[in-house]
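These notes concern the structure reproduced below.
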Amino acid sequence: MSDAVITVSLLLVAGCATAAVVQRDPARQALVLSVLGAVLAVLFTVLQAPDAGLSQLAVGSALTPLLIMLCVRKVRRRGRTKDGAR
Amino acid sequence: MHHLLPLLVALPLLGAAVLVATGRHLPRIAAEITGFAVSGGTAALAVVLLLDSSPPMVEWVGGWLPVGGESVGILVVGDGPALGMATLVSLLTLAALAYSWRYFDQPPHGRTGTFTALMLVFQGGMCGFAIAGDLFNAFVFFELMSVTAYALTGYRIDEAKAVQGALTFGVVNSLGAYAMLMGIALLYARTGELAMTKIGRGLDSAAGQGGPDALVLASFVLVLTGLLVKAAAVPFHFWLPDAHAVAPTPVCMLLSGVMVELGAYGVWRVYGTVFAGPGGIPAADLTRALVTLGAVTAAVGAVMCWYQRHIKRLLAYSTVAHTGLFVIGLGILTPEGDDGVALYMLGHAGVKAALFACAGVLLDRFGSVDEHALHGRAGQLRATGVMFGIGALGLAGLPTFGTGLGKAITEEAVGGPLTVVFVAASAVTAGAVLRVTARVFLGLGPRPEDAEYETSGSDEEPETPGLLGRIPDTMTIVPAVLLAAALAVGSVPGFGELVARYVNETGSGGAHVSVHWTLHGAVLGVASTVLAAALAALAVTRPRWVAAPDWAAPLRRLQSGHVGDYVAWLLVGATVLGALALPGVLGG
Amino acid sequence: MNTAMHVLPYLVAVYVFLTGCYGLATSRNLIHAVGCLAVCQSATYVLLLAVGYRDGATAPVFSDIEPGSRPVVDPVVQALTLTDIVVGATVTALLLALVLQIAKRHGTVDPDELRELRG
Amino acid sequence: MNRLRLWLLAVGGAGLAALLVAACLDLPAFGGRWHPYGDRAVQASLDRHIANTIASVNFDQRAYDTLGEISILFAAVLGCVVLLREARDEHRAPPEPAEVARPVRRYALLVLPVALVTGLYVIAHGQLSPGGGFQGGVVAATALHLLYLGADYGALERVRPLGVYEASDSLAVCAYLVLGLAGVLAGTAFLANTLLPYGTFNTLSSGGTVPLLNAAVGMEVASAVVVLLAHFLDQAVEIEEEHGS
Amino acid sequence: MNGWILAATVGLGGGGAAALWGVTTGSPGRRVIAQNLTTSAVCPALLLLSQGYGRPAYVDLALLMALLGPVGTLVFARLLADDLADERPSAWGLTWAAAGLAAAVVIALCVAGGPGRAMVKLLVIGALLIGGNVIASRALAGGFREVRGG
């Protein structure tokens, strides 16, 4: 029984990792990364590592997406002002 | 005494934290004096510990002494090589801080001590890596020094090249570090331990009569990938010229002078304690892998060094070439090789740091480090020019430089056709530096033509608030002291013996070998110097004869500045490493 | 517990690592590349925790169970993973900061268009 | 796409994949019972009256690793401060206030204190139940940024005196180091947990110096994340390049 | 082993796969909605796992997920406001179904656990999860106007 839940989580992690690499647009990738963070947290829980799961949740669900999205926003805003100036 | 070992890490970190906490209210001079004092204090501590390191010390951090041979704590080693590296790191940091004394560009407003604090953290990270006796702890400090180095490399955010070089550096090194961590996890799965000596013993007992299997090979490849990325062995080396050429000069002194060498040191330490036993990788396979990679590294580094016009990039490639020589020397696994490489590293650190310091003077005086653009313009910088020339002779291994002594001993230990690699690599890199000296400081020869695919060193921002009118004394004294130290390593009687004793005590089970100048080594050193001078003379007087031949163009194209290429090369490098070490695993 | 289950977690870790490397090498956007690096790193978490797992065991946290009443998994790898996660987050932040500066100085975040540092 | 790179990638990836898969087949089977270091760590943790073994490993047995870890965070924050500083050709433009739908605003302001308290709870219970300085610190710092999400950047800036957070970041690192040095001064060893009584098992004050180190890490992480995000937010929201440069 | 873990496995498998599908395909709006629903799928699964393993300490994970999951969605809603402005994505049917699932799980666990401090914690998590989910959906459907500066 615990094997089944571990297998499901592992497959989800593998799927999310593939999706995160295949999504070439950083904003879309950030969305997938946040899902990856949540799925990793579940995997850590079923591997009986709640401490690691908590930190993965804390980092992966809000912090990393926020950093990436702020970066994306800055880069886009820059592109827009440059285009406007031209 | 051994309780003081972790202070080599704690002191610089504490200094950095205090500097940042008080940074807003501190005048610049106070911040610099603090940094100087902390760095110097750590250096003094390292020297004291080094003098006390016979027999080698060990310290269990947190007082977790082993019970029945088992401990749950972290082991820190205080033997000759570890403390020697820590001393070198600390002294070089001190030199870099002295060099940047008051000259470096104004720190960000309200953050006076930031640069100094980062340098101190860098020092702490490198010291921590040098004395780590626990594999995961080594990874942590590996990351600490890497992270600090990325930030320091990108310090000049106004420079397009600097931020690009720093990112490449960051991505490639982080990937290497993660590969290393995968290797550590594999080793932990096999042996259930993290202390290096315990892992080594665990591998031996797990292997029994069978010898190594695929798991040992994979962990070996992964851990060595991380370390060789740091050591910039071909084909993991691409990040190095990109990063070292663009980092601020004091940082370059540390990066080229000691951080890259720490990678080679890590290979030596990890192989010796983890993989050297019967359950690890057989010596013949390690020798095959390291000597092959080292020879290719030396050749590629030397060729690329010759064709650079960006002076700092040229120096960075010469670091690649010389680390290749270090890797060869370590790869043959003899006490003589270890001694020679230790001396070579000491001498090289002094010479290379001094050369970067001189290049920094050019950058701040003229706003350019381009050999072509500076042609004949630096004639009035007599002291810098002389030091640049002396540094070139040091690179060539002229007796009685420390580089010369180290190279002579290593050559003798390696023997055979590889001697040619040593002579050629040191001659070509030294020849390139002499060529720069002749063109830039003496204005000899015609102004060379521009090539198509290269990085120019023109239009660089100086690191000072403006172009310097006169060169501050610190910027002359520091390289002079460094060169004198490099000279002393090879010429102070008994110093070589001392280094050899410290190294052999740990490395080769107490088998002591004698280390001194031999006629053979001195002749080879003079030969490389003469060859270097001849190459430089040829380049200046007959530029067409030594211009880039057609076969060098593809080699230059490989250095594309594209991070994706470098990652692909990293994977290829790991595969090559595995293939080179494979026969022993199959045979066992 | 069948044989496939004996190696599946390790294989997933290897797969994730190589996938991340592929993304890194073929990336057309540096922000995306940093994300791929984070994917590579999650492989190390998976491998570490898989190595420390023990069948039928629970977390070595004794706030709600009696010590010794149930088998526990390896706490050391969890501590290592925790350290690793922190390292990953900080490295990601630092690299993103560098990407921002590249966007400013080069006007692009496409590695194919960065024309400095060649040869 | 560059053809050479794809070839290299194919060769290197295939080689490494083969090597790693072969290694996986040699690994001990997933879920094995043999974990010598882990078993010793559990015993050591119980001996020192620490209920959460992971906290014991992090803040006692391998506290030196954690020192490296918080130094990495400290260095990265310092690095981001340096890298994301205002360049010579940039200036700050105050952001326009954002228009946020009322339910969203209410939710953010309501959840903010809950998240803050949760963060503190996770830090405080670090040596008992899952959690600890790092996890709680990130939650507390993220909570503060609900102000940006629920209101606007100006509101966040008013409750965020950056200097204080920078100082507390470095002071927390100092505190961790001083606690470690106390061991050396007392004649035992760096980061030795022998100075304070171990207390009663499964209570907040158990574990000697572990709760103190845990608190220092919590403070460090919370301040570090705030400073880190502040610089990214400044870049994304406030700092603009001079036109025509 | 027990029904709680089985329920968690089914929830994870179904919800996770659906979320992964949603987040990798379709318009930006659909992707953000899928990201939001990940929280609603994962958080109840974490609660069920905690019960299944007999470890009340694991509930903290669900608490953090219920707190930070919606925050993550708000980040996307805020910083992708420009992209979402034309679309105004909303899937109220899904949102309320997820809320119902969360409520069912919380009630089931409360019944299994009986009254006590654990029950209060469960109820708080349930409230945070459902509230966060609904608000995040609201934010996606036009909670943030396009802002030039902030």
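Values in this text are rule-based calculations from the coordinates and carry no lab data. Quantities reported herein were computed from a predicted structural model and do not represent experimental measurements. Neighbour counts run over all protein chains shown; Cβ positions are idealised from the backbone, glycine included.
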*Which value in nm describes the separation of the simple spin-label points at C:ARG115 and E:ALA18, placed 7 Å from the Cα toward the beta carbon?*
5.1 nm
*Apply the Karplus parameterisation 6.51 cos²θ - 1.76 cosθ + 1.60, with θ equal to phi minus 60°, to every residue of region B:367-379 and state each ³J(HN,Hα) to the nearest whole Hz, in sequence, with x for glycine and proline.*
x, 7, 10, 9, 4, 6, 5, 8, 3, x, 8, 9, x
*Taking the Cβ of each residue in E:ARG78, C:ARG70, A:ARG73 as the centre, tally the other Cβ atoms inside 10 Å and list the residues starting with the fewest.*
C:ARG70, A:ARG73, E:ARG78
*Can you check what the Kirkwood hydrodynamic radius comes to for region B:1-131, Cα pairs only, in Å to one decimal?*
15.3 Å
*Mind listing the long-range amide H neighbours of D:ASN202? Cut-off is under 5 Å, sequence gap 5 or more, other chains count too, H placed in the peptide plane at 1.01 Å from N.*
D:ALA51
*Using 1/(1 + (r/R0)^6) with R0 = 60 angstrom and r between the beta carbons of D:GLU86 and E:TRP92, what's the FRET efficiency to the nearest 0.05?*
0.85
*Lys pairs under 24 Å by Cα in chain B, provided they are eight or more residues apart or on distinct chains*: 9
*Largest first and in whole Å, give the semi-axes of region B:507-588's equivalent ellipsoid, each being the square root of 5 times a Cα gyration tensor eigenvalue.*
34, 32, 11
*P(r) tail fraction, chain E - alpha-carbon pairs more than 18 Å apart, %*: 56 percent
*Hey, if you put +1 on the Cβ of every Lys and Arg and -1 on every Asp and Glu Cβ in the protein assembly as shown, which of D:ASN58, C:PRO111, B:ALA86 ends up farthest toward the positive end of that dipole?*
C:PRO111
_Out of all Cα-Cα pairs in region B:412-537, roughly what percent, to the nearest whole number, are more than 26 Å apart?_
48 percent
*Ranked from highest to lowest mean number of other Cβ atoms within 10 Å per residue, what is the order of the peptides E:81-87, E:65-71?*
E:65-71, E:81-87
_What does the structure give for E:8-18 when I average, per residue, the other chain Cβ atoms found within 10 Å of the residue Cβ?_
5
_Principal axes of region B:423-497: Cα extent on each, largest first, Å_ = 49, 38, 23
*Give me D:ASP152, B:ASP459 ranked fewest to most by other Cβ atoms within 10 Å of their Cβ, as a rough exposure proxy.*
B:ASP459, D:ASP152
_Can you give me the long-range amide H partners of C:THR58? Hydrogens built in the peptide plane at 1.01 Å from N, cutoff under 5 Å, separation of 5 or more residues or another chain._
C:VAL72, C:VAL73
*Using R₀ = 22 Å, calculate the FRET efficiency as 1/(1 + (r/R₀)^6) where r is the Cβ-Cβ separation of C:ARG70 and E:VAL10; round to 0.05.*
0.30
*Please order D:ARG5, D:ARG158 by the number of other Cβ within 10 Å, starting at the fewest.*
D:ARG158, D:ARG5
*Consider just the alpha-carbon atoms of chain B and return their Rg together with their Dmax, both in angstrom.*
22.5, 73
_I'd like to know which of B:VAL420, E:ALA102, B:ALA522 lies farthest towards the positive end of the charge dipole of the protein assembly as shown, counting +1 on Cβ of Lys and Arg and -1 on Cβ of Asp and Glu._
E:ALA102
_From the helices alone, meaning DSSP H stretches of at least four residues, give me the mean residue ellipticity at 222 nm for the protein assembly as shown, per-run term -39500 (n - 2.57), in deg cm²/dmol to the nearest 500._
-23500 deg cm²/dmol
*Helix B:196-207 versus the longest principal axis of chain B: what angle, 0 to 90°, nearest 10, using Cα atoms?*
50 degrees
*Per 5 Å bin, what is the whole-percent P(r) computed from every C-alpha pair distance within chain D?*
1, 6, 10, 12, 12, 11, 10, 11, 10, 9, 6, 2, 1, 0
*Name the residue farthest towards the positive end of the dipole of region E:3-140 from the options E:PRO89, E:LEU46, E:GLN35, assuming +1 on Cβ of Lys and Arg, -1 on Cβ of Asp and Glu, about the Cα centre.*
E:LEU46
*For the protein assembly as shown, just the Cα set please: Rg and Dmax, both in angstrom.*
28.7, 93
*Cα Rg over Rh - region B:151-289, Kirkwood*: 1.08
*How big is the charge dipole of the protein assembly as shown about its Cα centre, in debye rounded to the nearest 20, if each Lys and Arg gets +1 on its Cβ and each Asp and Glu gets -1 on its Cβ?*
1840 debye
*For region D:5-141, max minus min Cα coordinate along each principal axis, in Å, sorted largest first?*
60, 56, 34
*Taking H as built 1.01 Å from N, whose amide H comes closer than 5 Å to the amide H of B:VAL58, not counting residues under 5 places away?*
B:GLY78
*So how far apart, in nm, are the two label points at D:GLU240 and C:ASN2 if each is 7 Å from Cα heading toward Cβ?*
6.3 nm
*Just add up the charged neighbours of C:ALA33: K/R +1, D/E -1, any other residue whose Cβ is under 11 Å from the Cβ of C:ALA33.*
+1
*Electrostatic dipole magnitude of region B:57-189 [Cβ: Lys, Arg +1; Asp, Glu -1; Cα centre; debye, to 20]*: 400 debye
*Compute the Cα gyration tensor for region C:3-113, then decide on rounded, prolate or oblate, letting a ≥ b ≥ c be the square roots of its eigenvalues: rounded whenever a/c is under 1.5, prolate when a/b is larger than b/c in the other cases, and oblate in all that remain.*
oblate
*What order, most packed first, do the peptides E:90-99, C:46-55 have when packing is the mean number of other Cβ atoms within 10 Å of each residue?*
C:46-55, E:90-99
*Obtain the nm distance between the two label points defined at E:MET119 and E:ALA104 by a simple spin-label model: each point lies 7 Å from its Cα along the Cα-to-C-beta direction.*
2.2 nm
_Using a Debye calculation, one point per C-alpha and no hydration shell, please list log10 I(q)/I(0) for chain A at q = 0.11, 0.22, 0.26 Å⁻¹ in order._
-0.39, -0.99, -1.17
*Dipole magnitude (debye, nearest 20) for chain B, charges at Cβ of Lys, Arg, Asp, Glu*: 960 debye
_Cβ-Cβ FRET estimate between B:ALA552 and B:LEU519, R0 fixed at 35 Å, reported to 0.05_ = 0.45
*Measuring from centroid to centroid over Cα atoms, what is the spacing of region D:77-143 and region D:181-245 in Å?*
15 Å
*18 Å Cα-Cα reach of E:LYS121 towards aspartates and glutamates, excluding residues that sit fewer than 8 places from it in its own chain*: C:ASP64, E:ASP60
